[in-house]
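All remarks here apply to the structure that follows.
The values are calculated or read from the model by the stated rules, or taken from the named source; none is laboratory data. These figures come from a predicted structure and were not determined experimentally. Cβ placement follows ideal geometry from the backbone for every residue including glycine, while neighbour counts extend to all protein chains displayed.
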Amino acid sequence: MARRSMSILDLEAWLRTTGRGLVGARLVNAYQQGETLLLRFKSPGREWLIVAEPGRRIHATRRAQRETSKQTPLLALVKKHLRGRRLESAGRLGGDRIALLGFPGGYRLVVELVPRGVAALLDPQGVVMAATRYLQVRDRSVRPKQPYTPPPPPARSPLEPPEPRELGELLGGQRDLVRGLVRALGLPGEAAEEAVYRAGLEPGASPGSLAGGDLEALAAAVREVVEESMEGRGYLARGGGVAEATPFRPRRLEARGDVEVRVYESLDEALDEHFHLLSQAPASAGVEGERAKLEASLRRARETAEEYRRRAREIRGLAEAVAARYHELSRVVECVEERRRSGGWSAARGCPGVSGVDPGRGVYTVSLPGLPAPVEVRAGETVDRLIVRLYQEAGEAEAKARRAEEALRQAEERLAELELRARARRAAELARARRREWYERFHWLITRGGLLAIGGRDAGQNESIVRRYLEDGDVFMHADIHGAPAVVVKTGGSKPSEADLLDAAVLAAAYSKAWRSGLGSVGVYWVEGRQVSKSPPSGEYLARGAFMVYGRKNYLPPVRLRLALGLAVDPEGAPMVIVGPEDLVEGRSLAYVVLEPGDMSVSRAAEAVREALARALPRREAHLALGLPLEEIAQRLPGPSRIVAVKRGRARLET
């Protein structure tokens, strides 16, 4: 999940490093883009551009543009009162995520990073002069010419980690460790997860189950994460549904195989890259909203399933304990029923083992040594019926847990599908923006010997290939049928191997008229480049795309009309299509299909190929296939086709 705003650890770390470095620097200019302020500070030999976006971030940037929108009241007053002045202080206001930049004369610039936060300029008396926006909510207001009221501070600051005993008291009553650290200490969620991981504990463990040594390890881990955050370095984590920048090393993410963690010398660099990548993310607001709903549904389903499972275990354990104390409980039941008949519920209170009665509900509570919990017995109920009822209730709780787990599974599948679509959109953007080589406008492949083979898509390209690219030492190929590409193998002066020729022959055969005619194979010949000429014999005429071949033709064995189309990834991670014989494509692709002439139209075949490639890949890579533009696949198809095989290739993504 992507982090959308800086945490209190981020802000404190930034203030202790970049913030301190800014003190004494002069504000030389200010800009505003929407609600985002850009502040340009300068000191001898150093310049900073600070981006201050309320509700999200404040850090140095190298990416933001300085163009200013229309002059706003806030920008006008910042320029009037702060421009040209030196920054006197940079700190936090109270215990929350509120940055406070102090200037001479008592003027202060407030940047709130809390939800619905604002940026505001305060006069020396703390009165709001102007703000990015004004608000009136239940617990405060931000209005011009009124004293500035900050948001209510959190109950506790995570910057003061507790000792083990105090930590145990603070976590008491919390459901699990991670949420306990977040709620009791105000620790950011990612920092809480990191501390639990470093302590060697389970995130979902109940705080009540911790031994003394566990509390000491957890307290030490919390302190370690907080202290490490103040060192000034930055870490950027991407992949596996994770997108976050942190001031501490995310060891829990490094231990996963699907997350890349990059280290930066400064937190500014990590934050700048993180928010830049977020701005480039293809997911729309609608997708983000859907993701938030699914994640909330996941949390509810997980909590519900856990609660029903726990309840089922408790009831089943109680039923087993009741059965083990059958005779003791029977005596209590006999006593209650006898006294209730003669003297009513008040008389039943005196029976040994009865700890309470509820006449309105018609039940009484029995507490006996050896029972894990008091058990409610209904009026007139025998011990046998009680045991049966308890087992039934346990079974009902288990059934509810299974239904909750099924809802959890469905929510996980929907979330995974949503993430897949978002990653596929990003892959599609990369594919469309990919730098094309000059030869990609033709049919092309790289032979196993590393030679480039190109073929014309039409008569015009055939003409161009022969005139512009065919040299005497190259190899010229053509299928032995009218209506085929002119194929040139660029040898670079070397002698191509038989394997190189057979690879290139697939281009000449597959993209010829033979494919559309539904043939099984076709003959292909090759000659040296010097044997090909565009000059016809005297008195004859060569049409556009035609050529003359002089001398002996070298025929290869009939080439089977069978083409492999594979998914490869370029050095920048963009998906691309490669084609060729199967054994060549297999070694260079993540996945591939094998095609033969068929009756599926090119457009339908392109869709089928993309879906087949996605199915052949593991889930973490399927977005690359789904990101392939259909037009790129269609361009590489020889014509109407059928898929005869779908396989994984031997190429692997770099990790």
Subject >> Within the stretch 219-234, tally of residues that are farther than 14 Å from Pro247 by Cβ and touching a residue at least 24 places away in the same chain (Cβ under 8 Å) >> reply: 4
Original post:
Does at least one position in the stretch 415-438 carry a residue that is closer than 30 Å to Ser517 by Cα, touching a strand residue (DSSP E or B) at 6+ places or on another chain (Cβ under 9 Å) and surrounded by 15 or more Cβ atoms within 10 Å (Cβ to Cβ)?
Top reply: no
**OP:** Please find, among Gly566, Gly551, the residue that is of a type in the set (Gly, Ala, Ser) and surrounded by fewer than 24 Cβ atoms within 10 Å (Cβ to Cβ).
**Re:** Gly551
Original post:
Just to be sure, is Arg457 in a helix (DSSP H, G or I) and surrounded by fewer than 20 Cβ atoms within 10 Å (Cβ to Cβ)?
Top reply: no
Original post:
How do the pairs read when you match residues in the stretch 197-218 that are farther than 9 Å from Leu177 by Cα and exposed (fewer than 15 other Cβ atoms within 10 Å of the Cβ) with residues anywhere that are of a type in the set (Lys, Arg) and modelled with pLDDT of 90 or more, using Cβ under 9 Å and keeping only pairs 6 or more apart or on different chains?
Top reply: none
Original post:
Conditions: (1) in contact with a Leu (Cβ under 7 Å, 6 or more places away or on another chain); (2) acidic (Asp, Glu); (3) crowded, with 17+ Cβ neighbours inside 10 Å. Glu412 meets all but one. Number of the miss?
Top reply: (3)
**OP:** Of the conditions (1) touching a helix residue (DSSP H, G or I) at 6+ places or on another chain (Cβ under 9 Å); (2) surrounded by fewer than 16 Cβ atoms within 10 Å (Cβ to Cβ), Ala76 clears all except one; give me its number.
**Re:** (1)
**OP:** Hey, could you check the stretch 241-259 for residues that are touching a residue at least 24 places away in the same chain (Cβ under 8 Å) and not in a loop (DSSP other than H, G, I, E, B) and say which is farthest from the chain's Cα centre (by Cα)?
**Re:** Arg251
**OP:** Scan Trp444, Trp515 and give me the residue that is within 18 Å of Ala634 (Cα to Cα) and assigned to a strand (DSSP E or B).
**Re:** Trp444
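I want to confirm something. Restricting to the stretch 233-265 and keeping residues that are small (Gly, Ala, Ser) and surrounded by fewer than 19 Cβ atoms within 10 Å (Cβ to Cβ), which single residue is nearest to Pro188 (Cα to Cα)?
Ala243
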